[in-house]
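Novice: One structure, pasted below without further comment.
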Amino acid sequence: MSATLSKRVRREMKLPNIGLQLLYDYTQTTSSATMYLQWCVAKPFLDFVRDNDIKNALVLVSIKNPEGHEVRYVFDLTSQRELIQFHASGTHTICASVVWSKQHRAKKIRSWLLDGQYGQYRYSLNDLVGGHTDKRRHAMGLRRFGLAERTINVSADFFAPVLSSREEWWINLLFPTYAKNSCSIRRRRFIAYFPLLQPTAVAIWLVLMTLFRFGTAMFYGVLCGLRCDWGAIVHPFTQSFVEVWHHKKNKTSWIGRRTDGTERAVGENGAVLLAPLPHVILLGIATIVLAKNDYDFNFLNYVVAYFTTVVFIVAIVAVVADVATFFENVGDWWRKALDAFMAWRTPDRLEQLQCSVAPIQGLRPVGYTPRLLYQRVQAAYCKPVQS
């Protein structure tokens, strides 16, 4: 067995449903908007994973509804069964690929693939695959194998009744996300329509949120010198808390750049040095030093205490960095030892993933974990909400 994949094998495995195939129960798609998913992989790739001792291989599953909205799932390659859910009626396209990296752990890869902003995923898989260059500044060194594609038609009868826009806004007002199923809708309706419960909570929340947003804007906008969206302070229902300090159009410092994005004379480095927060902290430490040693609060003593504090902080940061590097090396050694122990204890599941032993239709007969059992019961009684 070779530790590399030949060009001929790689070329063949790029074809849809050759190197990677998705397995599911066709009867589930005619009775529910939730279904179990498995996959199988071609033997050359499984040999490649075993020979190269790849521990962070993941399966990225992307589901696109008829309107093009994407929902992603990321599973371990050796997982025996997973559950996916559809959030709209109509014909969905399911695509899957195996991804891994030589430099990064599975947790980091998962965070990149699922990272989102303003209702969309930040990076596509093509953005992350390959080496980092000036033209491909989002590439993180990920590698990809195989492509599996399936189309599933989901009936509108499998979803919870559609709420009016006003009721949807009211029952989800106190929660960070929208209700995802009919059970969640029932619980939130009880809270929303219980006499005086939600109106009182909303009034208290408005006062506290306005004060908290104002304090956050003062900290980031004045002390840190970052450009803030001050309008988000008085629009808690239409703008999120993140928009206070994460300006949509101009995320830079107002010290280093103008409103139109052009750079000021001080530049980005000058903006860091001129930000008020570090100087406020240093002056506070200098004041404490002068007070504890009974020195006079004159300009010269302040200057000496200020720069002495800077020297001490630089020295402490250097020591902390060395200590952190030491513990990071110890952590890497410990993780390698733990991975070796788990590899010794965990049975080899790669053989079970071969497409040559996979069923022609349906799923492989495997057991249910407690998490999957809970999801199965929830799917039976809680219809998902269309998004």
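Novice: How high is the relative contact order of region 194-274, in percent, with contacts defined as C-alpha pairs under 8 Å that are six or more residues apart?
Specialist: That works out to 22 percent.
Novice: Right, next: Using Cα-Cα distances under 8 Å and only pairs 6 or more residues apart, what relative contact order does the chain have, in percent?
Specialist: Averaging sequence separation for qualifying contacts and normalising by length gives 20 percent for the chain.
Novice: Dipole of region 194-274, Cα-centred, from +1 at each Lys and Arg C-beta and -1 at each Asp and Glu C-beta, to the nearest 20 debye?
Specialist: Taking the Cα centre of region 194-274 as origin, the dipole is about 100 debye.
Novice: Among Pro44, Pro370, Pro16, which one shows the biggest mean-square fluctuation in a GNM of the chain, springs joining Cα atoms closer than 10 Å?
Specialist: Comparing Pro44, Pro370, Pro16 in a Gaussian network model of the chain, the most mobile one is Pro370.
Novice: What is the calculated FRET efficiency for Arg371 to Ala324, with r their C-beta to C-beta distance and R₀ = 35 Å, to the nearest 0.05?
Specialist: 0.50
Novice: Hey, another quick one. Over what distance in Å are the Cα centres of region 12-84 and region 347-387 separated?
Specialist: 11
Novice: Report the calculated FRET efficiency for His279 and Asn52 (r = Cβ-Cβ distance, R0 = 45 Å), to the nearest 0.05.
Specialist: The pair His279/Asn52 has a calculated efficiency of 0.30.
Novice: To the nearest 500 deg cm²/dmol, what mean residue ellipticity at 222 nm is calculated for the chain from DSSP H runs of n ≥ 4 alone, each contributing -39,500 (n - 2.57), summed and divided by the residues?
Specialist: -13000 deg cm²/dmol
Novice: Moving on. Please compare each pair in Lys107/Lys135; Lys14/Lys108; Lys55/Lys383; Lys102/Lys383; Lys7/Lys102; Lys14/Lys180 to a cut-off of 30 Å on the Cα-Cα distance and tell me which ones are over it.
Specialist: Lys55/Lys383; Lys102/Lys383; Lys14/Lys180
Novice: Quote the relative contact order of region 181-325 in percent (integer), defining contacts as alpha-carbon pairs under 8 Å separated by 6+ residues.
Specialist: Once divided by the residue count of region 181-325, the mean separation gives 14 percent.
Novice: If I take the Cα coordinates of region 194-274 and project them onto the principal axes, what are the three extents in Å, biggest first?
Specialist: The Cα atoms of region 194-274 stretch 58, 20, 12 Å along the principal axes, largest first.
Novice: From the backbone phi of region 356-365, what are the Karplus-calculated ³J(HN,Hα) couplings (6.51 cos²θ - 1.76 cosθ + 1.60, θ = phi - 60°) in whole Hz, Gly and Pro given as x?
Specialist: Rounded to whole hertz, the list is 5, 10, 7, x, 5, 9, x, 10, 5, x.
Novice: Over the alpha-carbon set of the chain, work out the extent along each principal axis and list the three values in angstrom, largest first.
Specialist: Result for the chain: principal-axis Cα extents of 86, 63, 42 Å.
Novice: Grab the beta carbon distance between Thr200 and His69, set R0 = 35 Å, and tell me the FRET efficiency rounded to 0.05.
Specialist: Calculated value: 0.45.
Novice: Same structure, new question: At 7 Å along the Cα-to-beta-carbon direction for both Ser6 and Val222, put a label point, then send me their distance in nm to one decimal.
Specialist: Modelled inter-label distance: 7.1 nm.
Novice: Could you tell me the ratio Rg/Rh of region 94-150? Both radii from Cα atoms, Rh via Kirkwood.
Specialist: 0.97
Novice: What are the ³J(HN,Hα) couplings of region 382-387, residue after residue, when phi is run through the Karplus curve with 6.51, -1.76, 1.60 and θ = phi - 60°? Round to Hz, x for glycine and proline.
Specialist: Once θ is set to phi - 60°, the couplings for region 382-387 become 10, 6, x, 8, 6, 10 Hz.
Laboratory data are not the source of any read-out in this text; all were calculated from the coordinates shown. All values reported here derive from a predicted model rather than from experimental measurement. Here Cβ is always computed from backbone atoms with ideal geometry, including for glycine, and neighbour counts include all displayed protein chains.
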